[in-house]
There are 4 protein chains.
Amino acid sequence: MPGAKPKIVMKPRGRPRDPKVRAAILKAARELLDSGGLTAVTMEGIAARAGVGKPTIYREWPNAHSVALSAFLEFTPSDMELRASASPIADLKQQLRKLAALFASRTGRGVTALIAATQGETELMKAFRHHFILKSRAEGQKLLERAVAAGDVRAGLNMDVALDLIYAPIYFRLLIGHAPLDSAFTDDVIDTVMAGLKPHKR
Amino acid sequence: MPGAKPKIVMKPRGRPRDPKVRAAILKAARELLDSGGLTAVTMEGIAARAGVGKPTIYREWPNAHSVALSAFLEFTPSDMELRASASPIADLKQQLRKLAALFASRTGRGVTALIAATQGETELMKAFRHHFILKSRAEGQKLLERAVAAGDVRAGLNMDVALDLIYAPIYFRLLIGHAPLDSAFTDDVIDTVMAGLKPHKR
Amino acid sequence: MPGAKPKIVMKPRGRPRDPKVRAAILKAARELLDSGGLTAVTMEGIAARAGVGKPTIYREWPNAHSVALSAFLEFTPSDMELRASASPIADLKQQLRKLAALFASRTGRGVTALIAATQGETELMKAFRHHFILKSRAEGQKLLERAVAAGDVRAGLNMDVALDLIYAPIYFRLLIGHAPLDSAFTDDVIDTVMAGLKPHKR
Amino acid sequence: MPGAKPKIVMKPRGRPRDPKVRAAILKAARELLDSGGLTAVTMEGIAARAGVGKPTIYREWPNAHSVALSAFLEFTPSDMELRASASPIADLKQQLRKLAALFASRTGRGVTALIAATQGETELMKAFRHHFILKSRAEGQKLLERAVAAGDVRAGLNMDVALDLIYAPIYFRLLIGHAPLDSAFTDDVIDTVMAGLKPHKR
DNA sequence: CGGTAAACGAGACGGTACGTCGTGTCTTTGA
DNA sequence: TCAAAGACACGACGTACCGTCTCGTTTACCG
């Protein structure tokens, strides 16, 4: 698509933002999230820890939660580069394990709480959804399609529902905490989803 | 230790608590949660709206979130009295629809956010889990067992995982908001879980 | 006027204000004014030094300047109890000396700056004017009237102008600082005002 | 000192300063002082209103108050060109009227507050004192001396005190605001100072 | 029936964090 | 090399709630 998107550059006047400052802020936010949980992530705390003025933070983020989310997004490899193996189902299990590990981490736990605490349709929510939920689902969808092609999964399945069945349990256990979130569980999820609950016809 | 726990009644001296005050507090909390979301639920706000002193609230609840949760629990029929029909699967669908409706309501949405925002293992969390999650799961388990007995569901399934597959998607859509949470969806969840993803053997 | 002024008492509900807190705030304000001048008198500074929360101060005063003025008014004997001597003129000189000393002090200097910085007709200004300017003028007026009776001052003088001539130079020197403000000066002011600039008729 | 001070011209390299910029800054400062009082005069406000960068202002003035004072000095005829009449006393009255009018203006009121708020011996203070107070006093002194020569004023008067008596009341009324500052008042000041308070000997 | 103890409203209090504004210094690009 | 634009560290602003406390008042019960 050459020539498209004229990319209005709007050359920025004045002193450019210092990337080191941005990095310090994100680092501070992540450290606070890790050490003190969601409630420890305050604008004042971040500013103090990063050695930065509050207005500097407000210039880029509207509130402390945004900073924490940015930090999470920045520090986390959103494309969790799966080594495609022969079996799409095995790949799915691998992806689920990684996701679970990521969100079960200190920071991940905090971000999950953060997301949950964010009511309504905010920019924050959209960013998170795009970076993690949708990306995971897109990958998952590709894997499922490959599985369909390989004959491991039946055609004509309701893709949206199937994907929810796969990814929802992770967040569910994370939030409710009624049972552990480990790789045995995520593997079981895939197995059970694959097999269904109906008795096998024979 | 038979006969132990003599149940020291500790005859209550002084003025007894006024049940109307308690009701006013819960009412105020619920109204605030409905109208202004989670952030509107503050101790001061509740006290002002209920025409009550702050210490009166602190006498019974440790923080504003607890009050909101109490209000939700109090106002909500936790036993969602299912009319048992002939088909356990149909009953399951019915239960899921009710759950979805409950949590998709203004108040339910608020409580969900509240729960999500509650990090760590608090009394609040436990109460919520007991009243809603575990109760739903217990009912669901009974239904599944009946379905097994009826031959609709295969024996030997991993019950914990199966229940998570059933209930997780509701919270997932509620929290992430990537797709609507309606009865069509909850029905599809049951259907897909039942059928599994594998191609039907013939 | 018996029976008049029904004096609606409006019994104060809730916890009464702690006079010790009030005292601590005023003390802190005065110390700051003394040590760091007007710019050192900040709400945050006062709160920190008094070991008091900011809202506690805002409950009684609208801004830092008010606190400083209150402190000055509180700590200062506004009725500078003059020992009435035989000569009203001598009494006037004595009063002027005291006034000059009061406002030339560290705190007095600060308050003067404060007053000057207060543009417009604020409550603050009115309070200050009432406590110091008007009180001084009232005393001065009495002294002048006694002097008229004693034949030391001519009758029919423009009292307002005369009083301004007496009190203005103190503030003038204080604010402009073009020449020292000492008792020699204040005595000279009285002498010159008394004698006038015209050559003495003989 | 002939030949000395070779007047190192320091050939100005680069872009020369734009005199229009200076004017814009002073104009903005004066407008702000007029419209919003002393507190409205901020570096940021001036820069924004003048369409000028903050450093440009800091290059010439150390703080916002200085700019405001400069603006006042620049826009104001400091030599209030008195038409010398036959009577020095009448000239004095005329001068006092002009002074009062000048400082009673919106801007003048602001500058007065500014001066008063300036504690300590700053450059600002000195500049103001030199431009207005001392200049007025010098003129006044000349007039008084002429009056002495004319026999209207007694010789041997304490000149410093006399001048304070003349000029102080203007600032006093301006700052305290207990009574109006009009030409009737300034005329009365002169009259009363001239006549003194003592009864006329006969 | 009168004392006493707790509940209750009101609100003061020491705090913490909020989000904004102004300061004075700096580092860019553009003229 | 000056000017504009604006980033930056800093610090104070005034507000909102927090959770604790001290009041005076009300309402039961118990002696």
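All Cα-Cα separations within segment B:143-202 were binned at 5 Å from zero, giving a P(r) of 4, 15, 23, 24, 17, 10, 5, 1, each value a whole percent of the pairs. The other copies place their C:Asn63 label points at 1.6, 3.1, 3.8 nm from this one, listed shortest first, where each point is 7 Å from Cα along Cα→Cβ.
Plainly put, the tip 7 Å out from Cα toward Cβ on D:Ala149 is 4.7, 11.2, 12.8 nm from that tip on each other copy, the closest given first.
Here's how it looks for B:Asn158: its modeled amide H is under 5 Å from none belonging to a residue 5 or more places away or on a different chain. Each residue in A:Arg59, C:Arg22 was given a count of other beta-carbon atoms within 10 angstrom of its own, and listing them fewest first yields A:Arg59, C:Arg22.
Place +1 on the Cβ of every Lys and Arg and -1 on the Cβ of every Asp and Glu in the protein assembly as shown, take the dipole about the Cα centre, and give the residue among D:Ala150, A:Val153, D:Ala29 whose Cα lies farthest towards its positive end. After comparing all options, I get A:Val153. Note on segment A:12-56: Rg/Rh from C-alpha atoms, Kirkwood Rh, equals 1.06. Peptide D:61-72 has a mean shielding of 0, counted as Cβ atoms of other protein chains within 10 Å of each residue's Cβ.
Look at the stretch B:146-159: the mean tally of other chain Cβ atoms within 10 Å of its residues' Cβ atoms is 2.
Going by how many other beta carbons lie within 10 Å of each one, how would you line up D:Asp164, C:Asp188, fewest first? Mind dumping the intermediate values first?
Working: D:Asp164 25, C:Asp188 19.
The most exposed by this proxy come first: C:Asp188, D:Asp164.
Find which of C:Ala138, D:Leu114, C:Ile46 sits farthest along the positive direction of the dipole of the protein assembly as shown, computed with +1 on the beta-carbon of Lys and Arg, -1 on that of Asp and Glu, about the Cα centre. Of the listed residues, the answer is C:Ile46. In this structure, the residue pairs whose Cα-Cα separation is over 18 Å, taken from C:Lys93/C:Lys135; A:Lys93/A:Lys142; C:Lys135/D:Lys93, are C:Lys135/D:Lys93.
On C-alpha positions alone, give me the angle between the axis of helix C:19-36 and the longest principal axis of chain C, in degrees, nearest 10. The helix C:19-36 is inclined about 60 degrees to chain C. Each label was represented as a point 7 Å from its Cα along the Cα-to-Cβ direction; for A:Ala90 and B:Asp34 these points are 5.6 nm apart.
Remark: segment B:122-135, residue by residue, has Karplus-estimated 3J(HN,Hα) of 9, 4, 3, 4, 4, 4, 4, 4, 5, 6, 10, 4, 5, 5 Hz, where x stands for each Gly or Pro and the curve is 6.51 cos²θ - 1.76 cosθ + 1.60 at θ = phi - 60°. Of the GluC sites (Glu not before Pro) found in segment B:101-201, those that fall in a DSSP loop while having at most 16 other beta-carbon atoms within 10 Å are B:Glu121. Note on the protein assembly as shown: with charges restricted to the Cβ of Lys and Arg (+1) and Asp and Glu (-1), its dipole about the Cα centre is near 160 debye. Summing charges over neighbours of A:Glu74, with a neighbour being any other residue whose Cβ is under 13 Å away from its Cβ, gives +2 when K and R count +1 and D and E count -1. Here the dipole of segment D:86-202 is about 120 debye; that uses its Cα centre as origin and unit charges on the Cβ of Lys and Arg (positive) and Asp and Glu (negative). Within 10 Å of the Cβ of each residue in D:175-183, the mean number of Cβ atoms contributed by other protein chains is 5. Inverting the pair-averaged 1/r between distinct Cα atoms of segment C:89-200 gives 14.9 Å as its Kirkwood hydrodynamic radius.
For chain B, the Cβ-based charge dipole about the Cα centre amounts to some 720 debye (Lys, Arg positive; Asp, Glu negative; other atoms uncharged). Taking only the Cα atoms of the protein assembly as shown, the radius of gyration and Dmax are 41.2, 142 Å. Other residues lying with their Cβ under 10 Å from the Cβ of C:Glu60 contribute a combined charge of +3, Lys and Arg counting +1, Asp and Glu -1.
Taken one residue at a time, the phi angles of segment D:40-53 give Karplus couplings (6.51, -1.76, 1.60, θ = phi - 60°) of 7, 7, 10, 4, 5, x, 4, 4, 5, 5, 8, x, 9, x Hz. Gly and Pro are set to x. Every helix of 4 or more DSSP H residues in the protein assembly as shown counts as -39500 (n - 2.57), and over all residues that averages to -19500 deg cm²/dmol at 222 nm.
Give, to the nearest whole percent, the P(r) tail of chain A beyond 23 angstrom, counting all Cα pairs.
55
A cut-off under 9 angstrom between Cβ atoms defines the neighbours of B:Phe185, and their net charge, with Lys, Arg +1 and Asp, Glu -1, is -4.
I need A:Leu114, B:Leu26 ordered by Cβ neighbour count within 10 Å, fewest first. Please report the intermediate quantities before stating the final value.
On the way: A:Leu114 24, B:Leu26 21.
Starting with the residue having the fewest Cβ neighbours, the order is B:Leu26, A:Leu114.
In chain C, Cα pairs under 8 Å separated by at least six residues give a relative contact order of 20 percent.
None of the figures in this text is laboratory data; all of them are computed from the coordinates on show. What you see is a predicted model; the values in this text were computed from it and never measured. Note that each Cβ is placed from the backbone with ideal geometry, even for glycine, and that neighbours are counted across all protein chains shown.
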